[in-house]
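> Provided herewith is a single structure, encoded as C-alpha cells, for subsequent inquiry.
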C-alpha cells in the first residue's frame, strides 16, 4: 500500500509534482501513466525517500520508506536500469544489495534465474543491453521478496518475449496480494497489465480510476453499423441523445446506443444490417484525450523543457 | 532468454531477519570494494609506489652517500626507504574518491540508498572498508619498503634497524597516514559527488596549503606550517620530526585525523539532506 498526500516537488521555479494525492492498493497492478516529464519518476523517487518532497508526504505500508527497518522486505524498486557500475558483474551488484539486508547468496541465485539472466550474471554489467539491464533491475527489485513492487518503465528495451514475461510477472505478484505500481508511457501495454490507473500530467493528478472506467469516461464508445439503406437507418436512429455520422465506406458511426439497441431498432423498421460492431475507444486515445486537456488547462508560460 | 513464466521463490526469511544493520552494510561495501576494478588498480599502484619508489630512492642515496658530518647526522634512512608513501597517498586518496563518487557517476547510489534508506550506514560502511583495506595493504608494503630500503642502504652502512627508537612507529605511522588519506578521499567524494571535482580538491588539500603558506611572511608561515594537513599528517611517518616545521608524531597525526573527521562530518551532514 502506497499513500501519497499532497505530494509536491519543486525544482527551482519548476513544479515537477504538484499536490498529488493517491493510494496504490495491494492485490492489483496499478499503472502510473503520464507523458514524459509528467513527474512519474520524481514521484517514485519520493516514494523511496531518494528525493525529499517540497510539500506533502508519502508512506509505504504505513510508514515513510526511510523508517522501515527492513526496507528491501517492504519495497523492491526498479528506477533506472542503468544504475549499475559498468565494471561490476550483475551477480556482485545484486549480492552487494542483498548483503545490506542479510539476504543470502542462494536468494541472489534465485532472482538471477527468475529473471532469466543466467550465465550473463557473471559478466560485467557494462556490456549489458538495455533489455538485460531491465532484467537485472527487476532481479534487484525482487531480492527482498517485497510486499510492494515499484517499477519505472520496466518494459523499456525489452523484446516481445520479455514484455510478455513482465506482464505475467506483474500479474502474478499482484495475485499474491502484493502492491504493484508500474509506470509506463505505453498505454497499450498498461491496458493488458493494469487493473487500476493513476494518470498524471504536468505533475498533477488527472485520473485515479479503474481501467474500464477510465476508458469509458475518457471517450464514449461507438457502434459501427453498415446497412443496405444508410440514409433511412440514420434518420431512424438520430435523436437528441444519439449522434450519427457517416463513414467513408457507407457505414454509420453511432454514439449513444448499444449494438443491441441499434440491431432491434433496425429489425423493427425492416432495415437489413450488413455489419454491427462495438468500437471501444483504445486506451491510447483515452490517454491522449485526457493529457491533451491537462496540457491545455495550464498555460505554457514557463515553456521550459520537462525533466 | 530462457524463462517463460515468473517464478516467485518462497520468502527467504522473516521480516526481522532482513533488517539493515551496520555490520551488514559493511559486508555489502566490502563486496563493492573488492568487485570494483579500480580498487585493484589503485591498491596495486599504492603498493608498487611504496615499495618501488622507496627502493629506487634508497639506490639513489647509496650511490651518493652523505659526506660532510652535518649531512651524515641529518640522514634519515627510514624516511629514505619510505619516500614512496608520499606518492602512494594519491592512489589511496583516489580509491576513496572512486568508491563513493563512482556510485553517483553510475547511478548505483540510488539502488544503494533504496536498500539503505537511512544512508549514513553507507558512508560509515565505506569508511570502514576503505580504511581497513588501505591499512592492511600498506602496512606490509611499508614494512617491505623499509626492509628493502635498509638492505640497500646497508651497502654503505647507512641503514637503521626496525628496533631503533621511533622506527617501528614511523613504519606503522606511514600505513596509518595512508589509511587516513583514503578516508579523506572518501569524504571528499561523498561531499562533492563528482570524481573529477573530488580528485581536484584532494590534490588541492594535499599540496595546496604548503604552497600558499610559502607566500606568507616567514614568521607566519613557520607557525602555520606544522598544522597544515600533510605536514601534520606526515609527522607520524618520520623517526625524528623536525622540531620547528613539524608537530610531535602523534599530535601531528591527530591534527590530520581532525581534518579528515571534519570532511567526513560535512559529507554525512549533506548526505542525509540532498536528493540522490
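> Counting residues that are over 19 Å from the mean Cα position of the chain (by Cα), under 28 Å from residue B:68 (Cβ atoms) and at pLDDT below 90, which helices (runs of 4 or more DSSP H) fully inside the stretch B:152-268 reach at least 2?
Numbers: elements: B:167-192, B:195-213, B:218-224, B:229-233.
Here the list reads B:218-224.
> Still on this structure, please answer the following. Spot the failing condition for residue A:43; the list is (1) assigned to a helix (DSSP H, G or I); (2) in contact (Cβ under 8 Å) with a residue 60 or more places away in the chain; (3) closer than 30 Å to residue A:118 by Cα, and only one is missed.
Condition not satisfied by residue A:43: (3).
> Take residue A:26 and tell me if it is touching a helix residue (DSSP H, G or I) at 6+ places or on another chain (Cβ under 9 Å) and within 26 Å of residue A:190 (Cα to Cα).
So residue A:26 passes the test.
> Of all residues being more than 9 Å from chain B (Cβ to nearest Cβ) and part of a helix (DSSP H, G or I) in the stretch A:155-165, which is surrounded by the most Cβ atoms within 10 Å (Cβ to Cβ)? Just the residue, please.
The residue in question is A:163.
> Something else about it: Taking only the stretch A:100-150 into account, find how many residues are in contact (Cβ under 8 Å) with a residue 40 or more places away in the chain and facing chain B (nearest Cβ under 7 Å).
Residues flagged as in contact (Cβ under 8 Å) with a residue 40 or more places away in the chain and facing chain B (nearest Cβ under 7 Å) within the stretch A:100-150 amount to 6.
Okay, residues lined up against (1) surrounded by 19 or more Cβ atoms within 10 Å (Cβ to Cβ); (2) in a helix (DSSP H, G or I):
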site: B:42; (1), (2): yes, yes
site: B:52; (1), (2): no, yes
site: B:56; (1), (2): no, yes
site: B:65; (1), (2): no, no
site: B:71; (1), (2): no, yes
site: B:80; (1), (2): yes, yes
site: B:83; (1), (2): yes, no
site: B:93; (1), (2): yes, yes
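> Select from the stretch A:73-99 the residues that are within 24 Å of residue A:40 (Cα to Cα) and more than 7 Å from chain B (Cβ to nearest Cβ) and write down the one among them that is modelled with the lowest pLDDT.
Among residues in the stretch A:73-99 that are within 24 Å of residue A:40 (Cα to Cα) and more than 7 Å from chain B (Cβ to nearest Cβ), the one modelled with the lowest pLDDT is A:81.
> Test residue A:277 against the stated conditions and say whether it is within 29 Å of the chain's Cα centre (by Cα), exposed (fewer than 15 other Cβ atoms within 10 Å of the Cβ) and modelled with pLDDT of 80 or more.
So residue A:277 fits the description; yes.
> Spot the failing condition for residue B:136; the list is (1) under 30 Å from residue B:268 (Cβ atoms); (2) in contact (Cβ under 8 Å) with a residue 24 or more places away in the chain, and only one is missed.
Residue B:136 satisfies all of (1) under 30 Å from residue B:268 (Cβ atoms); (2) in contact (Cβ under 8 Å) with a residue 24 or more places away in the chain except (2).
> Another question about this same structure. Please specify each residue of the stretch A:53-72 satisfying the condition of being more than 9 Å from chain B (Cβ to nearest Cβ) and surrounded by 19 or more Cβ atoms within 10 Å (Cβ to Cβ).
Matches in the stretch A:53-72: A:53, A:58, A:60.
> For the stretch A:168-202, what are the residues that are within 13 Å of the chain's Cα centre (by Cα), in a loop (DSSP other than H, G, I, E, B) and more than 22 Å from residue A:8 (Cα to Cα)?
Within the stretch A:168-202, A:186, A:194, A:195 meet the criteria.
> Okay, moving on. Consider residue B:105 against the criteria (1) touching a residue at least 40 places away in the same chain (Cβ under 8 Å); (2) within 14 Å of another protein chain (Cβ to nearest Cβ); (3) surrounded by 24 or more Cβ atoms within 10 Å (Cβ to Cβ): it satisfies all of them except one. Which criterion is unmet?
Condition not satisfied by residue B:105: (3).
The values are calculated or read from the model by the stated rules, or taken from the named source; none is laboratory data. Remember, it's a predicted structure, so these values are computed and weren't measured experimentally. Ideal geometry is used to build each Cβ from the backbone, glycine not excepted, and the neighbour counts take in all protein chains shown.
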